[in-house]
Amino acid sequence: MPHDRMQKQRFELRFQINDETALLVRDFARSYLDFDEHSFGKENFSYPVHSVYLDSDELKLYRDIVDDEKTNHHKLRLRYYDSKPDAPVYCEIKREINRCIFKQRACVRHECVELLLKNHQPNPEHLASNEPNCLIGLQNFCHLARQIQAKPKVHIFHWREAYLSDDNQCRLTLDRKVVSDAHLDYSIPTDVKAPRLMFSGQVILELKFTNRFPDWFRELIRVFGIIEWEGEGGKYRDAVETIGL
């Protein structure tokens with residue numbers, strides 16, 4: 001299992017840009033950052049990303065985003081990259097508090113996913129990683145899911161091009177061809193049965209940093225004249241509204 005380089009706490013700025021601007025951003029970013037290990041050597045420097053988002057039947061987490069913008073909300077999701085039995089599947093809690101992102105996650109085995117999605121009590125054998133705090137992350141995920149009887153609601157798929165700094169303090173991602181579909185069973189699919197194109201086909205640019213806002217991020221925004229995307233809740237909120245759950 002590869003080492004988990006997830007940043008547990010960071011700030012994020014989000015933008016919607018067109019394909020032409022995305023190519024210019026790519027050239028600009030490569031002067032400062034290296035390829036993410038998953039982007040290197042891939043066609044168009046991109047790799048597939050799948051997310052299954054969980055919520056209550058009343059869509060409590062979605063409504064928290066809508067009703068409590070820019071203050072305090074969280075999302076529950078499974079993040080994975082393909083369907084191979086030995087590929088990582090991450091149970092993730094993503095909190096946004098006053099624009100700061102806090103993430104906690106655990107890498108679990110494919111064969112345990114259905115049990116966990118049905119709110120069964122997690123056990124150490126469910127884990128696919130021995131990294132510190134993984135069991136605590138899994139327990140917290142399942143606790144939050146049980147509190148609201150969360151179930152799978154949405155599957156989101158996109159292609160991600162990613163760059164990061166040597167110290168892992170700064171990250172830039174370009175997400176293309178973002179599509180969503182209603183997903184109500186306990187599987188983790190890699191196909192999208194009834195894809196709904198999101199963000200009008202625009203590329204989603206995210207600038208992520210853990211400490212001081214990098215000067216070159218500011219210069220990138222100025223040079224390309226891009227405007228921050230104000231929509232809170234990101235892909236999950238847009239998917240719920242696009243699908244019409």
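Tabulated data
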| quantity | calculated |
| --- | --- |
| Residues being closer than 15 Å to HIS143 by Cα and touching a residue at least 40 places away in the same chain (Cβ under 8 Å) - total across segment 79-105 | 5 |
| Candidate set: segment 206-245, residues that are basic (Lys, Arg) and within 15 Å of LEU54 (Cα to Cα); chosen: the one surrounded by the fewest Cβ atoms within 10 Å (Cβ to Cβ) | ARG237 |
| Verdict on SER180 being among the hydroxyl-bearing types (Ser, Thr, Tyr), in contact (Cβ under 8 Å) with a residue 40 or more places away in the chain, touching a helix residue (DSSP H, G or I) at 6+ places or on another chain (Cβ under 9 Å) and within 20 Å of SER46 (Cβ to Cβ) | yes |
| Checking LYS235 against (1) over 30 Å from ALA87 (Cα atoms); (2) in a helix (DSSP H, G or I), the condition it does not meet | (1) |
| Check on GLU161, modelled with pLDDT of 90 or more and surrounded by fewer than 21 Cβ atoms within 10 Å (Cβ to Cβ) | no |
| One residue from GLU241, GLU228 being at pLDDT below 90 and among the charged types (D, E, K, R) | GLU228 |
| Hits in segment 90-115 (condition: among the hydrophobic types (A, V, I, L, M, F, W, C) and under 19 Å from the mean Cα position of the chain (by Cα)) | CYS91, ILE93, ILE97, CYS100, ILE101, PHE102, ALA106, CYS107, VAL108, VAL113 |
| Selection count, segment 81-129, where residues are under 23 Å from SER39 (Cβ atoms), in contact with a Leu (Cβ under 8 Å, 6 or more places away or on another chain) and among the aliphatic types (A, V, I, L, M) | 1 |
| Close pairs from segment 114-137: first within 17 Å of LEU54 (Cβ to Cβ) and modelled with pLDDT of 90 or more, partner surrounded by 12 or more Cβ atoms within 10 Å (Cβ to Cβ) and of a type in the set (D, E, K, R), Cβ under 7 Å, at least 6 apart | GLY137/ARG105 |
| Matching residues in segment 119-158 - criterion: being among the β-branched types (Val, Ile, Thr) and crowded, with 21+ Cβ neighbours inside 10 Å | VAL154, ILE156 |
| Hits in segment 171-192 - residues which are modelled with pLDDT under 95 and touching a Phe, Trp or Tyr at 6+ places or on another chain (Cβ under 6 Å) | ILE188, VAL192 |
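The values are calculated or read from the model by the stated rules, or taken from the named source; none is laboratory data. These numbers were taken from a predicted model, which means no experiment stands behind them. Cβ atoms come from the backbone with ideal geometry, glycine included; neighbour counts cover every protein chain shown.
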